[in-house]
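Reviewing the structure listed below.
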Amino acid sequence: FAFLHGATGTPEHLSVKLGATGMMGVAGSFGSLSGNDEPPRRMVGLPALEIGDEGRSVAVLQEELRRRGLYRGPIDGRYGPETGYAVMAFHKVLGLDRVYDWRPSDTVRLGDFQLPDLPVRPDEPDRVEVDIGRQVLFVYEDHEVTAIVPVSTGGTYLYYSPRNDAVVAAGTPRGDFTLFHIARGWHCDPLTGWCIYNPWSFTQYYALHGYGSVPEYPASHGCVRVTTWDSDILTDEFLFVGIPIHIWDT
């Protein structure tokens, strides 16, 4: 992320200025540099960051994640849950360890970040693609991915369903669906006591919804969970009744 600017001849003072958004500047006085000298050694890029950190490096990270559709929160220089989940989504897309901390080696990966191979659907410029393997969803607008959101889908476990009065397997249906109904706010099942947020139904029994717990692995009973803040943003800015949603394994 660093560039050298304005260096001519053999300068007494070589400086690196902040270039385009997201470039980390390295500044210093290095003295005379002959043509045979080794270049000054400097670590260029973002340092290790984690929940609770604050400062310009965090703001740069937020800006760069936003440019790639991974972050939708404020550029406030505070490494909170929204930033942590965006970093975890970045790791998910690349098939790395699903951690919330930023590592120095991630800087190069972010610079080279590319989307994985995704289904081509010429007749659906606006749609949602849920990648079960990576545990992320991709929102398309006019054939372009504009949001990458971490999800938690159905886990591979058995649980007792009060509604069915039976032990059933947790699992998310795969296939091609449409979001056909939205119920804003929190909604609780009086029988089970389970509460979901902004549920967007894609079958009679399953929905894309916000939830209080969205771990980095499949954990739901079958619905597609997102964080409550992502649920608000998706509902307000991206989703609409009738948008196709495709759910598939990597």
If I filter the stretch 176-194 down to residues being under 18 Å from W229 (Cβ atoms) and touching a residue at least 40 places away in the same chain (Cβ under 8 Å), which single residue comes out as most open to solvent (accessible area, probe 1.4 Å)?
R184
Flagged in the stretch 61-100 as open to solvent by less than 50 Å² (accessible area, probe 1.4 Å) and acidic (D, E), in numbering order, are E63, E64
Just one listed residue, out of E129, E124, is touching a Leu at 6+ places or on another chain (Cβ under 7 Å), of a type outside the set (A, V, I, L, M, F, W, C) and surrounded by 13 or more Cβ atoms within 10 Å (Cβ to Cβ), and it is E129
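Can you tell me which residues in the stretch 144-188 are assigned to a loop (DSSP other than H, G, I, E, B) and among the hydrophobic types (A, V, I, L, M, F, W, C)?
V151, A170, L179, F180, A183
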Being open to solvent by 30 Å² or more (accessible area, probe 1.4 Å), at pLDDT below 95 and touching a Ser or Thr at 6+ places or on another chain (Cβ under 6 Å), is that true of even one residue in the stretch 106-114?
no
Please go through (1) on the phi < 0 side of the Ramachandran plot; (2) more than 23 Å from the chain's Cα centre (by Cα) for G193 and return the number of the only condition it doesn't satisfy.
(1)
Confirm whether G154 is farther than 25 Å from L70 by Cα and touching a Gly at 6+ places or on another chain (Cβ under 9 Å).
no
Could you look through the stretch 198-207, keep only residues that are within 27 Å of the chain's Cα centre (by Cα) and open to solvent by 40 Å² or more (accessible area, probe 1.4 Å), and pick out the one that is modelled with the lowest pLDDT?
Y205
Given V241, V224, V167, which one is of a type in the set (A, V, I, L, M, F, W, C) and open to solvent by less than 50 Å² (accessible area, probe 1.4 Å)?
V224
Conditions (1) touching a helix residue (DSSP H, G or I) at 6+ places or on another chain (Cβ under 7 Å); (2) modelled with pLDDT under 95: number failed by V149
(2)
Which is at pLDDT below 95 and not in a helix (DSSP H, G or I), of R121, R42, R98?
R42
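Looking at the stretch 128-153 only, could you name the residues that are small (G, A, S) and within 20 Å of D97 (Cα to Cα)?
G133, S152
The values are calculated or read from the model by the stated rules, or taken from the named source; none is laboratory data. This is a predicted model, so every value here is computed, not measured. Glycine also receives a Cβ, built like all others from the backbone with ideal geometry; neighbour counts cover every protein chain displayed. What goes into the accessible areas is simple: the full protein's heavy atoms, side chains included, and nothing from ligands, DNA or RNA. Shrake-Rupley method; radii C 1.70, N 1.55, O 1.52, S 1.80 Å.
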